[in-house]
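The values are calculated or read from the model by the stated rules, or taken from the named source; none is laboratory data. Because the structure is predicted, anything quoted here is derived from the model rather than measured. Backbone-built Cβ (ideal geometry, glycine too); neighbour counts: all protein chains shown. What goes into the accessible areas is simple: the full protein's heavy atoms, side chains included, and nothing from ligands, DNA or RNA. Shrake-Rupley method; radii C 1.70, N 1.55, O 1.52, S 1.80 Å.
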Amino acid sequence: MNHNDIGSMHFMLRVEDMDEVIAKVESLGYQMMTPAVGSKGSFRYAYFRGPDGMMIELHEGDLPSAGRKNAAREEQNHETK
């Protein structure tokens, strides 16, 4: 299953230095599923599979505006409960 297939499951790790983390992931023997996509200085993401086969997304930089709005809405909904 690819990272963008319907029904795929993954979790995201926000990282400070995408290139450094990718180098570490590869040095541990894991293969990246995608290269780092996006633009340096804005936001970038890449995927690899962890030891149990779960897809892991690495994310560097700011979330796109739609992601920020959804995150803010979820936080607001959580606070009102």
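Sort D52, D17, D62 from largest to smallest accessible area, using a 1.4 Å probe on the heavy atoms of the protein chains. Present the calculation step by step, with values, prior to reporting the outcome.
Details: D52 125, D17 60, D62 105 Å².
Per-residue accessible area, sorted high to low, gives D52, D62, D17.
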> Where Lys and Arg each count +1 and Asp and Glu each count -1, what net charge lies around H59 among other residues with Cβ under 9 Å from its Cβ?
Replying inline: 0
>> Could you sort F48, F11, F43 by their accessible area in this structure, using a 1.4 Å probe and putting the largest first?
In response: F11, F43, F48
> When all protein chains stay in place, what accessible area (Å², nearest 10, 1.4 Å probe) is found for M12?
Replying inline: 80 Å²
> Between E16 and Q31, what is the label-to-label distance in nm when each label sits 7 Å out along the Cα-to-Cβ direction?
Replying inline: 3.2 nm
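Put S42, S27 in order of accessible area, largest first, 1.4 Å probe: what do you get?
S27, S42
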